[in-house]
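Undergrad: Sharing a structure, written as structure tokens. Questions coming.
The values are calculated or read from the model by the stated rules, or taken from the named source; none is laboratory data. What you are looking at is a predicted structure, and each value in this text was computed from that prediction instead of being measured. Here the Cβ is made from the backbone with ideal geometry for all residues, glycine too, and neighbour counts use every protein chain on show. The accessibility values were calculated without ligands, DNA or RNA, using every heavy atom of the protein model including side chains. Shrake-Rupley method; radii C 1.70, N 1.55, O 1.52, S 1.80 Å.
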There are 4 protein chains.
Amino acid sequence: MADKLDLDTALGKLQGWSKADDGKHAISKTFKFADFSTAFGFMSAMATQAEKADHHPEWFNVYNTVEVTLTTHDAGGVTEKDISLGQKMDSLAAKLA
Amino acid sequence: MADKLDLDTALGKLQGWSKADDGKHAISKTFKFADFSTAFGFMSAMATQAEKADHHPEWFNVYNTVEVTLTTHDAGGVTEKDISLGQKMDSLAAKLA
Amino acid sequence: MADKLDLDTALGKLQGWSKADDGKHAISKTFKFADFSTAFGFMSAMATQAEKADHHPEWFNVYNTVEVTLTTHDAGGVTEKDISLGQKMDSLAAKLA
Amino acid sequence: MADKLDLDTALGKLQGWSKADDGKHAISKTFKFADFSTAFGFMSAMATQAEKADHHPEWFNVYNTVEVTLTTHDAGGVTEKDISLGQKMDSLAAKLA
């Protein structure tokens with residue numbers, strides 16, 4: 001099982017993420033894209049990565065916005081799995097900006 | 001512009017939807033699928049319909065669950081556009097069940 | 001590495017697939033859906049499964065049609081990986097019919 | 001109905017497209033991406049645009065490659081609809097490169 005990480009350590013490995021509002025051991029980021037099509041293309045690419053890693057985001061979409069929260073439920077908090085998926089999201093979003 | 005509908009009238013044309021929790025003039029439904037792949041396939045099919053109608057859902061996904069809220073922002077509430085998208089969602093979700 | 005299977009054995013485990021036209025050790029099936037949205041939802045669901053298995057289809061889409069060819073390149077032909085992905089496709093397509 | 005365009009005129013408005021191999025009045029381009037996830041994200045974004053325009057590509061995908069052919073069936077050849085979709089593809093692919 002992946003180990004729960006210190007949240008600040010986790011945030012230091014990602015771009016523009018923050019601690020989840022609700023006090024859970026989780027990290028969140030709001031991505032903005034040019035339009036719905038681009039936002040949904042981002043989600044589709046990341047959906048294949050999430051399924052591959054068997055590690056799925058909590059994500060909310062409306063139009064060009066995708067709000068993502070990452071945590072690892074069976075570790076009770078943020079782990080390397082979240083860092084890995086978050087970095088993939090950062091990388092793709094940077095290209096799509 | 002589409003007209004704002006009575007919420008109960010709107011709900012009567014859909015399956016398993018309810019008034020949004022937050023008191024807004026909106027309708028919500030939580031869809032459950034077999035797994036993440038099926039949930040995401042549902043979202044992809046509906047994403048193309050949403051873009052076609054230029055009418056986009058607010059939706060939240062985690063693993064096999066998709067929580068949808070529909071309203072028409074420039075009408076200040078639920079309209080025929082929401083009924084149309086909601087019916088497409090109901091129809092596809094029934095097939096995927 | 002997955003073992004190359006006898007083609008008829010492989011076809012016996014699937015629904016409506018046939019040997020590839022070009023004489024390669026591969027299997028093909030043409031899926032028809034109600035419309036483009038449904039076809040693309042099918043592809044999205046299967047894309048996540050393909051990436052998860054690190055085993056990707058050759059597929060062609062136009063409107064409501066998806067033509068799939070499956071083979072395992074590094075085995076030089078059809079293997080259990082193709083059966084597994086093909087069965088997932090058959091199962092989802094049956095629901096969407 | 002959209003008017004059939006001169007093929008060279010059409011190609012002049014796009015980046016890296018060519019006349020279809022089979023002599024049809026159609027244009028083709030092969031897109032290469034970093035990996036399957038990126039290729040499929042591209043397809044998902046474009047699928048929503050295609051459905052919106054009610055104008056769908058013929059496209060073939062295997063792993064990181066997407067081969068697209070565009071033509072307008074009821075015009076018997078390439079029209080402004082194809083230019084429009086092709087330009088959207090060029091633009092998104094340039095970002096994803």
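Undergrad: Work out how far the C-alpha atoms of the protein assembly as shown reach from end to end along every principal axis, then list the three figures in whole Å, largest first.
TA: 58, 53, 39
Undergrad: In peptide A:60-68, how many Cβ atoms from other protein chains are near each Cβ within 10 Å, on average?
TA: 3
Undergrad: Something else: Residue by residue through the stretch A:6-14, which ³J(HN,Hα) values in whole Hz follow from phi under the Karplus form 6.51 cos²θ - 1.76 cosθ + 1.60 (θ = phi - 60°), with glycine and proline marked x?
TA: Those phi angles translate into 5, 5, 5, 4, 4, 4, x, 9, 10 Hz.
Undergrad: Ballpark to the nearest 100 Å², how much total accessible area do B and C bury together, probe 1.4 Å?
TA: In total, this chain pair buries about 1000 Å².
Undergrad: Relative to the Cα centre, what is the charge dipole magnitude of the protein assembly as shown, using +1 at the beta carbon of each Lys and Arg, -1 at the beta carbon of each Asp and Glu, and rounding to the nearest 20 debye?
TA: 0 debye
Undergrad: Restricting to DSSP H runs of at least four residues, report the calculated mean residue ellipticity at 222 nm for chain A, -39500 (n - 2.57) per run over all residues, nearest 500 deg cm²/dmol.
TA: Computed ellipticity for chain A at 222 nm equals -13500 deg cm²/dmol.
Undergrad: Now, a different point. Starting from 0.36 nm per residue, how many nanometres of slack lie between B:T65 and B:A53 once their C-alpha separation is accounted for?
TA: Extending this stretch completely gives an extra 2.0 nm.
Undergrad: Oh, and also: Rounded to the nearest 20 Debye, what is the dipole magnitude of the stretch A:26-96 about its Cα centre when Lys and Arg each give +1 and Asp and Glu each give -1 at the C-beta?
TA: It comes to approximately 240 debye.
Undergrad: Something else about it: What are the lysines whose alpha-carbon lies under 30 Å from the alpha-carbon of A:K13, with same-chain residues fewer than 8 places away excluded?
TA: Within reach: A:K4, A:K24, A:K29, A:K32, A:K52, A:K81, A:K88, A:K95, C:K52, D:K32, D:K95.
Undergrad: Roughly how many percent of the accessible protein surface of the stretch D:26-96 is carbon and sulfur, given a 1.4 Å probe and a whole-percent answer?
TA: 47 percent
Undergrad: Tell me, how many Å apart are the Cα centres for the stretch D:63-91 and for the stretch C:7-21?
TA: That distance is 33 Å.
Undergrad: Another question about this same structure. For the stretch A:26-96, go through all pairs of different Cα atoms, get the mean of 1/r, take its inverse, and jot down that Kirkwood value in Å.
TA: Result for the stretch A:26-96, one decimal place: 12.1 Å.
Undergrad: In degrees between 0 and 90, to the nearest 10, how far off the longest principal axis of chain A does helix A:80-96 point, with axes built from Cα atoms?
TA: 20 degrees
Undergrad: So the label point sits 7 Å from Cα along the Cα-to-Cβ vector; using that for D:S18, what distances do you get to the other copies, in nanometres, sorted shortest first?
TA: Values, ascending and in nm: 3.1, 5.1, 6.0.
Undergrad: May I ask for the angle, rounded to the nearest 10°, between helix B:36-53 and the longest principal axis of chain B, with both axes built from Cα atoms and the value confined to 0 to 90°?
TA: The angle comes out at about 40 degrees.
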